[in-house]
Amino acid sequence: MDTLLQQFFQQLINGISLGSIYALIALGYTMIYGIIKLINFAHGDIYMIGAYFGFFATTQLGLGFIPAIILSMAGAAIVGIIIERVAYRPMRNAPRIAILITAIGVSFFLEYSMILLVSPQPRTFPAVFTPTVYHFGPLVANSQQLVILISALILMVALSYIVNSTKAGKAMRAVSFDADAARLMGINIDRVISMTFALGSALAAAGGVLVGVYYNSIDPLMGMMPGLKAFVAAVLGGIGIIPGAMMGGIILGVVEAMVSGFLSSTFRDAAAFGILILILLYKPAGLLGKNVREKV
Amino acid sequence: MRKWKKIASAALAAMVFASVMAGCGGKKEEAKSDTVKIGASFELTGNVANYGKAILSGAKMAFDEANAKGGVLGKKIVVVESDNKSEPSESGNSITKLVTQDKVVAIVGPATSGCVAAGAPITEANKIPHIAPSATAPGITVDNNGKVRPFMFRACFIDPFQGQVMATFASNSLKVKNVAILLDSSSDYSKGLAQVFQETLEKAGGNIVVKEAFLSKDLDFKASLTKIKATNPEAVYVPGYYEEVSKIIKQAREIGLDVPMLGCDGWESPKLAEIAGKDALKNCYYVSAFSAQDTDPSVQAFIKAYKEKYQKEPDIFAMQGYNGGLVVIDAIKRAGSTDGTAIAKAMAETKDLPVASGKLTYDANHNPIMSALIISLDGGVPSLKEKISL
């Protein structure tokens with residue numbers, strides 16, 4: 001019993017660190033969905049591009065962890081703006097399904113352009129700081145797990161501040177609530193949408209760099225699975241709701257760890273996508289879908 | 001005048017006839033000529049060109065050495081090269097050309113199991129002995145009904161053999177009994193190795209305490225590793241490719257799972273040490289067929305000769321190509337003829353043939369029985385730990 005409890009807490013630690021990454025990607029999904037009702041399937045690939053920006057910033061420019069993550073976020077924000085401008089804006093009034101297919105196309109474009117540019121070989125992310133291992137009795141956590149969790153929390157708090165307490169955030173909320181009315185009130189919708197893509201992409205890039213640091217390895221197709229999982233996380237928390245994405249990500253990470261740890265690792269992905277089906281059947285608005293009305 | 005014309009035309013006709021006869025004679029002469037043609041169909045361009053070129057370099061070295069010693073059956077060996085562009089469909093064309101146009105007496109190549117499988121029916125239909133130096137898939141030399149393909153051979157060990165070797169190493173050298181398995185459930189290679197490993201270990205009195213699975217491209221293995229750690233295994237067997245394995249080893253050490261990690265030739269890459277980190281690789285072992293540190297005189301002699309010939313270090317593929325060439329030369333010598341059926345029969349009877357990696361004997365399924373090497377990764381540098389012969 002004691003070892004079972006001990007295993008439970010260790011799996012909880014594993015799950016939360018994995019979930020924080022899902023949460024960071026899910027935040028971008030949710031913001032973009034909130035504002036233009038688009039499920040941006042290229043989001044997982046922005047995360048991959050962010051990881052490569054971080055990789056080149058540390059290896060080529062010799063930057064430390066914090067400057068690299070900032071540079072990577074800025075780079076990915078620009079990529080996000082360009083993608084929206086080139087691929088999504090011309091489709092703004094097209095049927096939703098057309099723009100969804102465009103998103104899938106952008107996703108493939110990013111994946112295979114990167115394979116062309118940087119080769120499909122995985123790259124080894126340099127160790128930007130030496131991990132310290134902490135023992136809490138029988139439990140083990142390392143500094144990278146804490147860095148991931150803390151960075152995710154800081155970024156989420158910053159995002160909430162931008163969305164809730166700045167003029168730009170107010171404009172975003174207005175566009176999300178009713179785009180036409182917002183336009184009539186003199187809000188430059190295009191600029192607001194660009195900004196949302198920039199913010200969402202920057203968060204995904206931060207996730208990419210954190211993953212690179214944590215797992216030591218990045219490759220051009222690394223965004224596929226986390227992208228899908230983050231989508232599940234966003235739906236779980238309630239798509240369009242920022243705290244929901246964070247919560248959904250952590251829950252998903254913990255569920256995966258628990259399923260792997262106590263049932264079988266082969267059921268792990270089945271459990272993740274099973275959650276998606278259950279949520280869509282019984283609570284399509286997501287866990288936080290009722291309580292929180294604010295959308296971005 | 002007329003008479004002259006007649007005589008002239010008769011003479012002309014006779015000359016033409018004679019020349020035709022001579023031509024015929026010439027052709028027959030060529031069949032009995034002083035050369036023996038051996039076809040080399042390899043991946044010389046395309047995505048696995050590195051493998052094909054390395055094997056070809058090794059095979060050519062074997063044939064050149066034989067020629068320097070007077071060739072086979074008193075004839076010189078001529079290698080006819082053909083590129084299959086790393087594509088199975090091209091591989092079929094390339095082998096057809098070698099067999100039907102160039103009239104080779106044996107085929108060496110290609111490198112990958114997929115390309116070999118495309119060429120195997122052609123050599124079999126034409127009764128041409130065919131040796132694929134590096135094709136590891138068990139189905140290459142045995143058809144779907146379990147019947148041995150009489151003309152198909154290889155010069156490397158098959159996948160399941162590695163599982164046997166590692167289980168033997170675990171129980172005899174590491175003296176461990178309770179072993180956990182973490183396998184890639186999306187790869188037949190990994191599943192096959194895990195099964196053979198388990199069977200061999202259990203036969204030796206060992207016990208698989210837990211069997212966990214992952215999928216290729218997974219990033220996070222801590223949940224499975226935590227579960228494995230709770231069963232207190234004495235070692236963990238991880239048949240997989242270096243991409244996932246490197247992360248598994250890194251994360252296992254992070255959660256304090258410090259027992260030996262055992263693997264297969266999919267681990268062989270400098271990336272493994274880069275991603276996992278040097279310190280994590282203490283007590284990590286995998287199976288390979290080739291190590292430059294092997295002190296066996298035949299291996300050292302091969303390495304020395306290869307370096308002299310090509311001015312670079314040989315890899316495992318070069319060695320397999322060299323061994324494949326030696327098998328062909330030996331079989332032709334023992335057959336005493338260039339008849340395909342006779343050569344194939346002699347090849348199947350290959351026994352204790354000295355090759356670059358020791359001695360080679362074929363089992364009933366045309367798989368070589370060779371010794372395998374256990375490579376240790378202590379300190380992030382591959383080093384030879386032990387040589388195992390089953």
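Remark: pairs (first residue in the stretch B:250-270, at the interface with chain A (Cβ under 9 Å from one of its Cβ atoms); second residue open to solvent by 30 Å² or more (accessible area, probe 1.4 Å) and β-branched (Val, Ile, Thr); Cβ separation under 7 Å; 6+ apart in sequence or on different chains) = B:Glu254/A:Val133.
Here's the yes/no breakdown for (1) crowded, with 23+ Cβ neighbours inside 10 Å; (2) of a type in the set (Gly, Ala, Ser); (3) in contact with a Phe, Trp or Tyr (Cβ under 7 Å, 6 or more places away or on another chain); (4) on the phi > 0 side of the Ramachandran plot:
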| position | (1), (2), (3), (4) |
| --- | --- |
| B:Ala132 | yes, yes, no, no |
| B:Thr136 | no, no, no, no |
| B:Thr141 | yes, no, yes, no |
| B:Gly146 | no, yes, no, yes |
| B:Gln162 | yes, no, no, no |
| B:Ala167 | yes, yes, yes, no |
| B:Lys175 | no, no, no, yes |
| B:Asp188 | no, no, no, no |
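Scanning the stretch B:148-160 for residues being in a strand (DSSP E or B) and either open to solvent by 10 Å² or more (accessible area, probe 1.4 Å) or in contact with a Cys (Cβ under 9 Å, 6 or more places away or on another chain) (or both) gives a total of 1.
Of note, A:Met258 satisfies the criterion of being touching a residue at least 24 places away in the same chain (Cβ under 8 Å), in a helix (DSSP H, G or I), facing another protein chain (nearest Cβ under 10 Å) and not small (Gly, Ala, Ser).
Take B:Val210 and tell me if it is open to solvent by less than 50 Å² (accessible area, probe 1.4 Å), within 14 Å of chain A (Cβ to nearest Cβ) and at pLDDT 90 or above. Before the answer, list the steps.
Numbers: open to solvent by less than 50 Å² (accessible area, probe 1.4 Å): yes; within 14 Å of chain A (Cβ to nearest Cβ): yes; at pLDDT 90 or above: yes.
For B:Val210, the condition - open to solvent by less than 50 Å² (accessible area, probe 1.4 Å), within 14 Å of chain A (Cβ to nearest Cβ) and at pLDDT 90 or above - is met.
The residue of the stretch B:106-117 that is nearest to the chain's Cα centre (by Cα), among those that are closer than 13 Å to B:Lys85 by Cα and open to solvent by 10 Å² or more (accessible area, probe 1.4 Å), is B:Thr112.
Taking B:Ala62 as meeting all but one of (1) closer than 30 Å to B:Gln162 by Cβ; (2) touching a strand residue (DSSP E or B) at 6+ places or on another chain (Cβ under 8 Å), write down the number of the exception. Checking B:Ala62 against (1) closer than 30 Å to B:Gln162 by Cβ; (2) touching a strand residue (DSSP E or B) at 6+ places or on another chain (Cβ under 8 Å), the one that fails is (2). The residues of the stretch A:213-228 that are closer than 14 Å to A:Tyr22 by Cα and open to solvent by less than 10 Å² (accessible area, probe 1.4 Å), listed by number, are A:Tyr214, A:Gly223, A:Gly227. Scan the stretch A:268-282 for residues that are within 14 Å of chain B (Cβ to nearest Cβ) and either loosely packed, with under 15 Cβ neighbours inside 10 Å or among the polar types (S, T, N, Q) (or both) and jot them down. Residues satisfying the conditions are A:Ala270, A:Phe273.
Considering only residues that are under 25 Å from A:Leu38 (Cβ atoms) and within 14 Å of another protein chain (Cβ to nearest Cβ), which ones fall in the stretch A:218-249? Working first, answer last.
In the first step, residues of the stretch A:218-249 are kept if they are under 25 Å from A:Leu38 (Cβ atoms); the result is A:220-249.
Within the stretch A:218-249, A:Pro220, A:Leu221, A:Met222, A:Gly223, A:Met224, A:Met225, A:Pro226, A:Gly227, A:Leu228, A:Lys229, A:Ala230, A:Gly249 meet the criteria.
Applying the condition of being surrounded by 24 or more Cβ atoms within 10 Å (Cβ to Cβ) and touching a Ser or Thr at 6+ places or on another chain (Cβ under 7 Å) to the stretch A:54-78 and asking which residue is nearest to A:Ala233 (Cα to Cα) yields A:Ala76. Taken over the stretch A:82-101, the residue count meeting the criterion of being part of a helix (DSSP H, G or I) and open to solvent by less than 80 Å² (accessible area, probe 1.4 Å) is 9. Only a single item in (1) out of contact with any strand residue (DSSP E or B) (no Cβ under 6 Å at 6 or more places or on another chain); (2) surrounded by fewer than 24 Cβ atoms within 10 Å (Cβ to Cβ) is not met by B:Glu81, and it is number (1).
Among residues belonging to the stretch A:117-145 that are outside any strand (DSSP E or B), of a type in the set (A, V, I, L, M) and exposed (fewer than 15 other Cβ atoms within 10 Å of the Cβ), point out the one that is farthest from the other protein chains (Cβ to nearest Cβ). First the steps, then the outcome.
Residues of the stretch A:117-145 outside any strand (DSSP E or B): A:117-122, A:125-132, A:137-138, A:143-145.
Okay, now just the ones that are also of a type in the set (A, V, I, L, M), so A:117-118, A:127-128.
Among the residues that remain, those that are also exposed (fewer than 15 other Cβ atoms within 10 Å of the Cβ) are: A:117, A:127.
On the way: A:Leu117: 17, A:Ala127: 8 Å.
Only one residue tops the list, namely A:Leu117.
Report yes if some residue within the stretch B:263-284 is under 22 Å from the mean Cα position of the chain (by Cα), part of a helix (DSSP H, G or I), surrounded by fewer than 18 Cβ atoms within 10 Å (Cβ to Cβ) and not assigned by TED's automatic domain parsing to the domain that holds B:His130; otherwise report no. Yes, the conditions are met somewhere in the stretch B:263-284.
Pairing residues of the stretch B:181-207 that are at pLDDT below 90 with residues that are of a type in the set (Lys, Arg) and part of a helix (DSSP H, G or I), at Cβ distances under 7 Å and at least 6 apart in sequence or on separate chains, gives B:Ser185/B:Lys191.
Looking across the stretch A:140-155, just one residue is within 15 Å of the chain's Cα centre (by Cα) and among the polar types (S, T, N, Q), and that is A:Ser151.
This table checks each residue for (1) in contact with a helix residue (DSSP H, G or I) (Cβ under 6 Å, 6 or more places away or on another chain); (2) assigned to a loop (DSSP other than H, G, I, E, B); (3) away from chain A (no Cβ under 14 Å).
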site: B:Tyr286; (1), (2), (3): yes, no, yes
site: B:Gln300; (1), (2), (3): no, no, yes
site: B:Ile303; (1), (2), (3): no, no, yes
site: B:Glu313; (1), (2), (3): no, yes, yes
site: B:Lys345; (1), (2), (3): no, no, yes
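Residue by residue, here is whether (1) closer than 17 Å to B:Lys127 by Cα; (2) open to solvent by 70 Å² or more (accessible area, probe 1.4 Å); (3) at pLDDT 95 or above holds:
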position: B:Ala301; (1), (2), (3): no, no, no
position: B:Gln311; (1), (2), (3): no, yes, no
position: B:Asp315; (1), (2), (3): no, no, no
position: B:Ala318; (1), (2), (3): no, no, no
position: B:Ser337; (1), (2), (3): yes, no, no
position: B:Asp352; (1), (2), (3): no, yes, no
position: B:Val355; (1), (2), (3): no, no, no
position: B:Gly358; (1), (2), (3): no, no, no
position: B:Asp363; (1), (2), (3): no, no, no
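The values are calculated or read from the model by the stated rules, or taken from the named source; none is laboratory data. In this text the structure is predicted, and so the values were computed from the model without any measurement. All Cβ positions, glycine included, derive from the backbone under ideal geometry; neighbour counts span all protein chains shown. Heads up: the accessible areas ignore ligands, DNA and RNA and are worked out on the full protein's heavy atoms, side chains in. Shrake-Rupley method; radii C 1.70, N 1.55, O 1.52, S 1.80 Å.
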